[in-house]
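Visitor: Following this message is one structure expressed as structure tokens.
The values are calculated or read from the model by the stated rules, or taken from the named source; none is laboratory data. Here the structure is a predicted model, which means the values were calculated and not measured. Every residue, glycine as well, gets a Cβ built from its backbone with ideal geometry; the counts of neighbours run over all protein chains shown.
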Amino acid sequence: MRESAVAYNRLPAAELYPILGVMRASDLLHPRPEGLYCPPGDFFIDPVRPVNRALITHGHSDHARSGHRSVLATQQTLDIMGLRYGEDFAGTTQAARFGETIVLNGVNVSFHPAGHVLGSAQISVEHQGTRIVASGDYKRQRDATCAPFEPIPCDVFITEATFGLPVFRHPPDKEEIARLLKSAAQFPERSHLVGAYALGKAQRVMRLLRDAGHCKPIYIHGALAKLSEYYQSQGIDLGPLEPATVESGGRQDFAGAIVVGPPSAFADRWARRFPDPISCFASGWMRIRQRAKQGGVELPLIISDHADWDELTATIKETGAEEIWVTHGREEALVRWCELEGIAARPLHLVGYEDEGD
Amino acid sequence: MNRFAELLDRLVLTPSRNGKLTLLTDYFRTVEDPDRGLALAAITGDLNIAAVKPAMLRILVTERMDPVLFGYSYDYVGDLAETVSLVWPQTPGNIPNREPTLGEVVAKLQAASRSDGPKVLAGLLDSAGISARFAIIKLVTGGLRIGVSARLAKQALADFGTVDITEIEELWHGLSPPYTALFAWLEGKAEKPRNTAMALFRPVMLSNPVGDGDLEKLDPTDYAAEWKWDGIRVQAVAEGGIHRLYSRTGDDVSGAFPDLTEAMQFSATLDGELLVGDPRQATGTFSDLQQRLNRKTVTLKMQQQYPAFMRCYDVLQIGGEDLRALPFRERRARLESFAGTLDPSRFDLSPFVAFPDWQALEELRRAPPHPIIEGVMLKRWDSAYVAGRPKGPWFKWKRDPHTVDAVLMYAQRGHGKRSSFYSDYTFGVWSGAEGEEQLVPVGKAYFGFTDEELKQIDKYVRDNTVERFGPVRSVRADRDNGLVLEVAFEGLNRSTRHKSGVAMRFPRISRLRWDKPANEADRIETLQALLDR
């Protein structure tokens, strides 16, 4: 606890609990090298190394790793892990339904939508009158490819801080897609290569294109095929998708086309099959011009699956939590904001999470 | 305002010239007056708005948000205008129904006095969204830095109206923002604007390079030859007491050369080369001339140390008489008698080079008598002065380029067609004592090779990468490993900005020397010797 974070006349709840006979929050969940650990429940949340029992918030590879003995996650997250790592990615698996309480060694655990990607969840951990919500990665902007975030009242809210600086303000995704379509109309002889993370972002971009009335086939990189097919099987209509292979057409067939692939592919020789491509990148990082410039991005699309500054601060208030733990990202700014608002906050130093998911 | 903001954002990230032209013409087509004209003026640097200092911007923002949070933000972004545009707090309930137009923003900024400037700016930022705020801050802090020259903007106007760029250049200095009459003409809705202003720019005549076999078809007696001086091609216009010096693309550069414009006590339009020195004694080198370039203002000391003068090539007008239709021989005769009336410390005539045949001229071209000569010019005796670059009447025949063998050090990914190729190369030469040689970068080039060679270099870069920094890779380059590039260049300048102390002019890859071991590439002393010549 940082001294300065606390008003002297107002001890944080976590420090009062032992006196009141309720559980101290840091005894319910605390960081260990493997990840966030719950001693009474004997489980980890999103562990970065193989453990006995893992609760997984969502399928991005820095949160969902293979090799755990048992995994508890939403069915969609389990499906996605199966697609990425093969069916034997864990010893045993159990599917959690949103809102349903599961008791693990006397600890009440429940999963709630996080609005990050398909299947993503916040995990609520409740024991002896103390409830902590580990949000995992989340966002508040509406996204047709996953269930929307639900604020869960709690004592301690663990928030991500990927975009935890006041400079990160994501515009409405519709506006960004409109700029992409405008550029495609302005440069009909060129192809637009949209870099988007293979799980979540890519499918969201495709869905946004469809919602904006783009009905031509979208060409996709091979790395996106399995996951996009899975999204379609879950009832998320992405329209006609075609592999962006040379066999599927000559170079000229890609003139005017929108191609979606993982960002790394565009620096690769793979990209040579497209005529004079315009490189686009769908990411919250594209808010910063220099990031776009350094990456050689000509058309930055500020589309993020993480909460921006305004969403982070609004969510913290909405949960009513008396204490905030801030993890992966720019912790110091969000901790500072909490101080100014009179909310106890501290950075939670977890290792092994990258910002690659955006 | 948002359309202007979007245009700025697109332009700054679009590297290709054609891409920029498309963005600009689309903007002119879809945006109405006066916004499009004001945007044009902002891009060409012709929009007059009282500047707001960065320090004031910082005060305004920290009055509205926690300075610690602002500090974190600024540290992360690194650019003040961008940071402020992003963090500026939007008060709910204070958001207007629609964002202000560029015209409204410019009107408010221009009407603001120096003292209420910051208040007006804050009010505008309150009423705008993130992109518009960025554009507004760029307008008031000066310098858009979007990689669009005034020349490119004029080309976009020409494309938009399907007219020749020389027509735009000729009109330009008589027009002012928001250029409503100009746009009306370009859209075919009105007559071409008539220019009544004094001392206007006249589009210049340019030459073509001598190609293989060109000269065999030409009769040497049809042509006059002059040295091709390696200064700055300028047009000096004096009319009705107004003196203007224009670059060959019609940019007004008078402000940087007050010593020369003061000496323009005549009524005429002259075409020539801007050089430094005293024409009666000695002509300065390109390095000397460089001291006077790219300056908005110039100190008295600088004017005394490197006085500017004009070496005259041609005359377009004397008094009210337009001479452009006359043959070169007659214009030259008029110029010779006119030049006699000019200040001899500021004006002289570009001398003819006598030659009996092409072979003799070839020898003169190879060994010019002064380092600031970069070849010879050939002009048909009977050629009229016409705008643009007609094929036939004028030729430039340049000295052969210098070459140096350098080692590839860094490669950067290109854009568009080249976005998956490492196509921009930084190369270096050896420096340091024997046994301790190190490569020092001397330049960067991104053309001169064939598509096939590009593929080969790209493969070499990928196979020999040592480190990556974003789109840049550093390539293995030491005494025993490295790709030697033969680099051709037009000249060398002294540079304090580059570690090597030299900067190449117009470098390009002339040959790939797969056969040459890296340790046999040239040394820095080879280049330094060129500087001292």
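Visitor: Restricting to the range B:2-49, give me the number of residues that are more than 14 Å from chain A (Cβ to nearest Cβ), aliphatic (A, V, I, L, M) and over 18 Å from residue B:159 (Cα atoms). If you could, list the steps in order and put the result at the bottom.
Guide: Here is the first cut: in the range B:2-49, the residues more than 14 Å from chain A (Cβ to nearest Cβ) are B:4, B:32-49.
With the extra rule that they be aliphatic (A, V, I, L, M), the set shrinks to B:38-43, B:47, B:49.
Subset that is over 18 Å from residue B:159 (Cα atoms): B:38, B:42, B:47, B:49.
Here the count works out to 4.
Visitor: Moving on to the next point. If you take the residues of the range B:155-170 that are assigned to a helix (DSSP H, G or I) and at pLDDT 95 or above, which of them is nearest to the chain's Cα centre (by Cα)?
Guide: Taking the range B:155-170 first, the residues assigned to a helix (DSSP H, G or I) are B:155-161, B:165-170.
So of that shortlist, the ones also at pLDDT 95 or above come out as B:155-161.
Details: B:155: 14, B:156: 16, B:157: 18, B:158: 19, B:159: 20, B:160: 22, B:161: 24 Å.
Here the answer is B:155.
Visitor: I'm trying to understand the selection: among the residues of the range B:459-506, which are among the polar types (S, T, N, Q), part of a loop (DSSP other than H, G, I, E, B) and surrounded by fewer than 17 Cβ atoms within 10 Å (Cβ to Cβ)? Steps first, please.
Guide: Going residue by residue through the range B:459-506, those that are among the polar types (S, T, N, Q) are B:464-465, B:474, B:481, B:493, B:495-496, B:500.
Those left that are additionally part of a loop (DSSP other than H, G, I, E, B): B:464, B:481, B:495-496, B:500.
Matches in the range B:459-506: B:481, B:495, B:496.
Visitor: So residue A:133 passes all but one of these: (1) in contact with a Cys (Cβ under 6 Å, 6 or more places away or on another chain); (2) free of Cβ contacts under 8 Å to residues at least 60 places away in the same chain; (3) among the β-branched types (Val, Ile, Thr). Which condition number does it fail?
Guide: (2) is the only condition that residue A:133 fails.
Visitor: Hey, another quick one. What are the residues in the range B:126-142 that are hydrophobic (A, V, I, L, M, F, W, C) and either within 14 Å of another protein chain (Cβ to nearest Cβ) or part of a loop (DSSP other than H, G, I, E, B) (or both), if any?
Guide: Selection gives B:128, B:130, B:132, B:134, B:135, B:137.
Visitor: Let me ask another. Which count do you get for residues in the range A:115-130 that are part of a loop (DSSP other than H, G, I, E, B), small (Gly, Ala, Ser) and touching a Cys at 6+ places or on another chain (Cβ under 8 Å)?
Guide: Looking only at that region, the number is 3.
Visitor: Filter the range B:395-442 down to the residues that are more than 24 Å from residue B:517 (Cβ to Cβ), within 14 Å of chain A (Cβ to nearest Cβ), more than 22 Å from the chain's Cα centre (by Cα) and in contact (Cβ under 8 Å) with a residue 40 or more places away in the chain and list them by number.
Guide: The answer is B:412, B:413, B:416.
Visitor: Find all pairs meeting these conditions: Cβ atoms under 6 angstrom apart; at least six residues apart or on different chains; first residue within the range A:150-166 and within 14 Å of another protein chain (Cβ to nearest Cβ); second residue assigned to a strand (DSSP E or B).
Guide: A:161/A:326; A:161/A:329; A:162/A:329; A:164/A:329
Condition check ((1) buried (at least 19 other Cβ atoms within 10 Å of the Cβ); (2) in contact with a Cys (Cβ under 7 Å, 6 or more places away or on another chain); (3) of a type outside the set (Ser, Thr, Tyr)) across all residues:
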position: A:266; (1), (2), (3): yes, no, yes
position: A:269; (1), (2), (3): no, no, yes
position: A:279; (1), (2), (3): yes, no, no
position: A:287; (1), (2), (3): yes, no, yes
position: A:291; (1), (2), (3): no, no, yes
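Visitor: Does residue A:225 fit the bill of being at pLDDT 95 or above and not assigned by TED's automatic domain parsing to the domain that holds residue A:332?
Guide: So residue A:225 passes the test.
Visitor: Can you name every one of the helices (runs of 4 or more DSSP H) wholly within the range B:4-93 that holds 2 or more residues which are over 21 Å from residue A:171 (Cβ atoms), under 24 Å from the mean Cα position of the chain (by Cα) and modelled with pLDDT of 95 or more?
Guide: Result: B:17-30, B:35-44.
Visitor: Something else now. Can you report the number of residues in the range A:186-216 which are in contact (Cβ under 8 Å) with a residue 40 or more places away in the chain and not in a helix (DSSP H, G or I)?
Guide: 16
Visitor: Looking at the range A:167-209 only, could you name the residues that are charged (D, E, K, R) and either buried (at least 21 other Cβ atoms within 10 Å of the Cβ) or within 14 Å of another protein chain (Cβ to nearest Cβ) (or both)?
Guide: Within the range A:167-209, A:169, A:173, A:175, A:176, A:179, A:182, A:189, A:190, A:201, A:204 meet the criteria.
Visitor: Here are some conditions: (1) under 16 Å from residue A:296 (Cβ atoms); (2) of a type outside the set (D, E, K, R); (3) modelled with pLDDT of 95 or more. Residue B:421 meets all but one. Which one does it not meet?
Guide: Only one criterion in (1) under 16 Å from residue A:296 (Cβ atoms); (2) of a type outside the set (D, E, K, R); (3) modelled with pLDDT of 95 or more is unmet by residue B:421, namely (3).
Visitor: Taking residue B:269 and the conditions (1) surrounded by 22 or more Cβ atoms within 10 Å (Cβ to Cβ); (2) touching a helix residue (DSSP H, G or I) at 6+ places or on another chain (Cβ under 9 Å), which numbered condition does it fall short on, given that it satisfies the others?
Guide: Among (1) surrounded by 22 or more Cβ atoms within 10 Å (Cβ to Cβ); (2) touching a helix residue (DSSP H, G or I) at 6+ places or on another chain (Cβ under 9 Å), residue B:269 violates only (2).
Visitor: Something else: Can you name the helices (runs of 4 or more DSSP H) wholly within the range A:257-358 that have at least 1 residues being away from chain B (no Cβ under 12 Å) and of a type in the set (Asp, Glu)? Before the answer, list the steps.
Guide: Values: elements: A:289-294, A:309-319, A:331-341.
Filter on the range A:257-358 gives A:309-319.
Visitor: Quick check, is residue B:264 assigned to a loop (DSSP other than H, G, I, E, B), of a type in the set (A, V, I, L, M, F, W, C), in the same structural domain as residue B:235 (by TED's automatic domain parsing) and under 27 Å from residue B:383 (Cα atoms)?
Guide: yes
Visitor: Would you mind telling me which numbered condition in (1) more than 8 Å from every other protein chain (Cβ to nearest Cβ); (2) over 17 Å from residue B:141 (Cβ atoms); (3) not charged (D, E, K, R) residue B:72 fails?
Guide: It fails just one condition, (1).
Visitor: Do we have any residue at all in the range B:457-471 that's under 25 Å from residue B:12 (Cα atoms) and touching a residue at least 12 places away in the same chain (Cβ under 8 Å)?
Guide: Of the range B:457-471, the ones under 25 Å from residue B:12 (Cα atoms) are B:468-471.
In the following step, the residues that additionally are touching a residue at least 12 places away in the same chain (Cβ under 8 Å) were identified as B:471.
Yes, the conditions are met somewhere in the range B:457-471.
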